[in-house]
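Data first, discussion second: the structure below is written as structure tokens.
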Amino acid sequence: MKKLSVCIIAKDEEKMIGECLDSVASVADEIILLDTGSRDRTREIAHEKGAAVYQSVWQDDFSLARNEAIDKATGEFILCIDADERLLSPDELMLTLNSAKPQTGGLLIEVVSGAKGLQDVQSNYASSLLRLFRNHKGIRYEGIVHEQIINSLKKAGLTIENTNIKISHLGYDLSFEEMKKKHERNLALLHKWLLANPNDSYNLTQRAKTLTALNRNSEAHSDYVRALEIIPTSNQMRTRALNYGAINAYRIGEGEQALSWALESLELIPQQTFAHFILGEIHFEMKKYITAYEHYAAMRLISQAPPDAMALLAGDYSIPQDVLAYKIGRCHFYHKDYQSASREYSISFELNTKNVMGLVGLANIAFNLKKYKESKALLETALEIDPAQDEINYYLNQIEIATKGIDFEQVEENAQIIENRNSVSSSSINSNPNIVSNSISENNKYANESSQKSVRLSVSMIIKNEEKMLAECLESVKDAADEIIIVDTGSTDRSKEIAARYGAKIYDFAWADDFSEARNFSLSQCTGDWVLYIDADERLTPESGRYIKNYISSALPEIGGFLCTIESEHSQLDGSLEKHRGSYPRLFRNLGYPRVKFQGRVHEQISPSLVENGLNFAVTDLVITHLGYNQPYEVMQQKVKRNYTMLLAHIKEEPTNGYAWFQLGQTLGQMNLKKEAEEAIKFAISCGNLTDTIYSSATAVLAQFSGNGRRFAESLDWAEKSLVKSPNQIYTLSLKGNALLNLGRKNEAREAFEAAKSLILTGKTPALGAAGFDVVLPLSVVEDWIELTEK
């Protein structure tokens with residue numbers, strides 16, 4: 001076990017210091033508190049908590065004080081924390097320390113700062129900071145304020161690693177006078193430092209931020225301009241300066257400069273919410289509501305993915321999801337899309353029933369539709385929840401004025417006609433945050449023929465020697481397709497002749513061991529509004545063929561892709577067939593290549609490019625049957641070897657692509673290299689960039705591998721992790737049940753098997769779009785397992 005010293009410098013922190021010390025007590029072998037002149041009970045409280053307390057004269061230099069504290073540390077590692085901070089993950093810290101490599105000198109910690117804004121809305125700023133480092137004589141802090149230790153770590157030849165450790169910072173949640181005093185103190189120190197170091201871009205940016213906080217915006221703008229002249233594009237500090245500089249520029253009326261800086265920031269680190277937030281706010285104020293919506297929607301998608309390491313290093317900003325939903329709803333409202341606005345306002349209120357702005361938004365919609373009774377009722381409910389909202393009384397007064405002398409009943413009757421066209425039920429909101437509802441009910445399947453004809457569908461395919469399979473595939477799509485685009489990669493049979501009989505446009509393309517390259521060539525030839533991509537060994541079911549146009553004809557603007565269920569039968573050793581179901585975005589909006597494109601050499605994906613364009617996905621009941629797995633052993637082995645070679649090439653190009661590593665793990669499993677398969681999938685998870693659906697599938701596969709190896713406690717752990725993301729999986733529930741059964745926990749095992757049985761009896765896994773993948777087990781097998789729990 002590595003010894004840890006916790007070092008703190010403090011002055012007059014009696015309100016904060018106790019909770020700070022409590023948060024580190026379980027991990028600290030020693031706590032060193034350097035007091036720089038307290039006149040309250042700070043030192044006394046620290047003594048009571050077991051800290052070693054030292055006193056020092058404050059010399060207007062944070063580095064000097066920090067270095068004096070760490071000089072007294074005897075531990076192998078040092079954690080520097082402030083009195084207004086709390087360690088949130090002590091167990092993670094210990095795991096990290098105990099696995100630290102000899103060459104590791106510094107460990108990045110995610111520090112989250114929260115502050116309340118208008119209407120008590122909490123916003124968060126997260127940044128990865130070097131707070132945990134090796135106790136080494138060469139490691140010293142530099143800078144009199146906003147002190148850093150990174151330069152000395154680099155000089156010592158030590159590496160810096162990322163971690164999952166988190167610290168909460170409360171220092172920005174102060175009164176106006178307290179914050180002003182803090183900023184003025186920092187500003188004086190920054191002036192002093194920059195007089196001696198005028199080209200220090202880091203502290204130029206810090207001074208600019210401080211000047212902005214003090215509303216000295218013109219002075220701040222000069223510092224941002226100077227800093228950005230110095231900071232190279234390779235330094236994450238540039239992104240931070242661009243973001244804060246953009247906010248400041250907009251405040252002083254430099255709108256074009258603000259947009260330019262925010263867009264540059266987004267180019268440097270695409271997976272950040274900060275720049276999207278700035279661009280959303282600016283475009284909304286410019287009344288460019290569609291553009292504002294695109295940036296807010298991108299924030300939502302990014303916030304649902306694992307945090308991006310580069311964004312955290314640069315410092316990222318977030319707002320609560322209820323506030324974000326309200327902002328998205330507001331864009332829809334001003335764009336007069338009341339249906340979408342209603343949905344988002346409902347989401348906002350459901351996420352936080354104390355934030356009444358969603359109700360106010362719904363009332364505003366009702367008012368615009370002349371549904372005055374409904375508007376009034378919503379506002380009265382909002383006022384009951386939050387009586388302090390004076391604007392609500394103003395809105396109620398507007399309703400009184402609008403309805404004076406009007407026959408209420410007649411107005412409501414007329415408004416009902418509008419409601420039938422525009423209302424949306426809150427029950428249509430999908431529970432999975434990655435997938436939005438398209439508000440398509442069973443009745444939408446039977447949309448009139450004229451609406452279908454207004455939207456064109458391209459069917460996109462790549463083929464090679466598929467004469468046995470191709471005709472049935474084309475037969476299944478011919479009635480829905482406005483055009484069929486086929487890219488042939490070297491057929492020597494009758495494939496192209498068969499395609500020509502169905503009126504397909506056929507293109508020859510040289511195969512280069514890259515599925516995305518071939519698919520993108522096909523996509524570049526598509527002229528339809530939407531694209532369905534399908535393979536020769538797949539069939540669109542007859543019902544799906546009839547209703548596919550209805551989905552794309554009534555798609556909401558934010559829908560970029562529809563999830564279709566792919567069903568495939570796998571032959572088992574006993575001769576039976578096992579049905580596998582997966583959910584994939586096979587139907588997507590054609591934004592034009594290369595704006596939308598496939599990525600990955602094999603197991604290629606269209607989703608990332610749609611997400612990059614700020615679009616969402618909706619679940620459908622469209623089904624495609626896949627025949628490609630029910631083939632002779634030799635054919636399957638040839639496919640596996642081909643995929644293995646292509647995946648290795650993909651990983652060489654993108655060594656931290658979690659999806660590619662997951663698919664490599666799957667392929668290694670098919671090659672019966674179980675140990676290597678597990679290692680690959682675990683590495684995929686550690687990459688931290690898997691979507692929820694792939695994470696769910698990866699953990700389910702690890703649960704299967706662990707169970708097969710009779711490591712049942714491990715199998716249970718992986719199964720439960722999978723079910724957190726996707727609760728309604730038949731196969732994973734059965735894996736959980738088997739693990740519990742073998743651990744002797746029969747009652748819990750029966751609950752898991754009964755849940756799986758219930759899903760089988762429905763005939764279709766609920767929320768399959770959320771699960772991504774499932775195996776439909778025979779009912780008799782699950783019932784046999786249930787019987788085992790009763791013995």
With respect to the numbered conditions (1) closer than 30 Å to residue 296 by Cβ; (2) part of a strand (DSSP E or B); (3) modelled with pLDDT of 85 or more; (4) of a type in the set (A, V, I, L, M), which one is the sole condition not fulfilled by residue 591?
-> (2)
Out of segment 529-567, which residues are in contact with a Leu (Cβ under 9 Å, 6 or more places away or on another chain) and without any contact (Cβ under 8 Å) to a residue 60 or more places away in the chain?
-> 560, 561
Might you check whether a residue that is part of a helix (DSSP H, G or I) and touching a strand residue (DSSP E or B) at 6+ places or on another chain (Cβ under 8 Å) occurs anywhere in segment 105-122?
-> no
If you take the residues in segment 537-546 that are open to solvent by less than 30 Å² (accessible area, probe 1.4 Å) and assigned to a helix (DSSP H, G or I), which one is farthest from residue 457 (Cα to Cα)?
-> 544
If you go through 256, 264, 281, the only one that is over 24 Å from the mean Cα position of the chain (by Cα), assigned to a helix (DSSP H, G or I) and more than 11 Å from residue 221 (Cα to Cα) is 256
Does residue 719 satisfy being hydrophobic (A, V, I, L, M, F, W, C), out of contact with any Pro (no Cβ under 9 Å at 6 or more places or on another chain), crowded, with 19+ Cβ neighbours inside 10 Å and in a helix (DSSP H, G or I)?
-> yes
Restricting attention to segment 270-279, report how many residues are in contact with a Pro (Cβ under 9 Å, 6 or more places away or on another chain) and open to solvent by less than 20 Å² (accessible area, probe 1.4 Å).
-> 0
From 14, 19, which residue is in contact (Cβ under 8 Å) with a residue 40 or more places away in the chain and either open to solvent by 70 Å² or more (accessible area, probe 1.4 Å) or among the aromatic types (Phe, Trp, Tyr) (or both)?
-> 19
Could you run through segment 459-474 and say how many residues are in contact (Cβ under 8 Å) with a residue 24 or more places away in the chain and either of a type in the set (Lys, Arg) or open to solvent by 10 Å² or more (accessible area, probe 1.4 Å) (or both)?
-> 8
For residue 18: the one exception among (1) touching a strand residue (DSSP E or B) at 6+ places or on another chain (Cβ under 8 Å); (2) closer than 26 Å to residue 92 by Cβ | (1)
Given the conditions (1) at pLDDT below 90; (2) surrounded by 14 or more Cβ atoms within 10 Å (Cβ to Cβ), every one holds for residue 157 apart from (2)
So residue 501 fits all but one of (1) among the basic types (Lys, Arg); (2) open to solvent by 60 Å² or more (accessible area, probe 1.4 Å); (3) within 22 Å of residue 626 (Cα to Cα); what number is the exception?
-> (3)
Subset of segment 203-245 that is among the charged types (D, E, K, R) and crowded, with 20+ Cβ neighbours inside 10 Å - its residue that is farthest from residue 257 (Cα to Cα) = 207
Helices (runs of 4 or more DSSP H) enclosed by segment 294-362 - at least 2 residues per element that are under 30 Å from residue 107 (Cα atoms) = 309-314
Which condition breaks for residue 23 when tested against (1) touching a Pro at 6+ places or on another chain (Cβ under 9 Å); (2) assigned to a loop (DSSP other than H, G, I, E, B); (3) not β-branched (Val, Ile, Thr)?
-> (2)
Hits in segment 160-198 (condition: farther than 27 Å from residue 109 by Cβ and surrounded by 15 or more Cβ atoms within 10 Å (Cβ to Cβ)) | 194
Selection from segment 280-300 of residues that are touching a Gly at 6+ places or on another chain (Cβ under 8 Å) and open to solvent by less than 20 Å² (accessible area, probe 1.4 Å) = 282, 292, 296, 297, 298, 299
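The values are calculated or read from the model by the stated rules, or taken from the named source; none is laboratory data. Values in this document were obtained by computation on a predicted structure and should not be read as measured data. In this analysis, Cβ positions are derived from the backbone assuming ideal geometry, glycine residues included, and neighbour counts consider all displayed protein chains. Note: accessible area is taken over every heavy atom of the protein model, side chains too, but ligands, DNA and RNA are not part of it. Shrake-Rupley method; radii C 1.70, N 1.55, O 1.52, S 1.80 Å.
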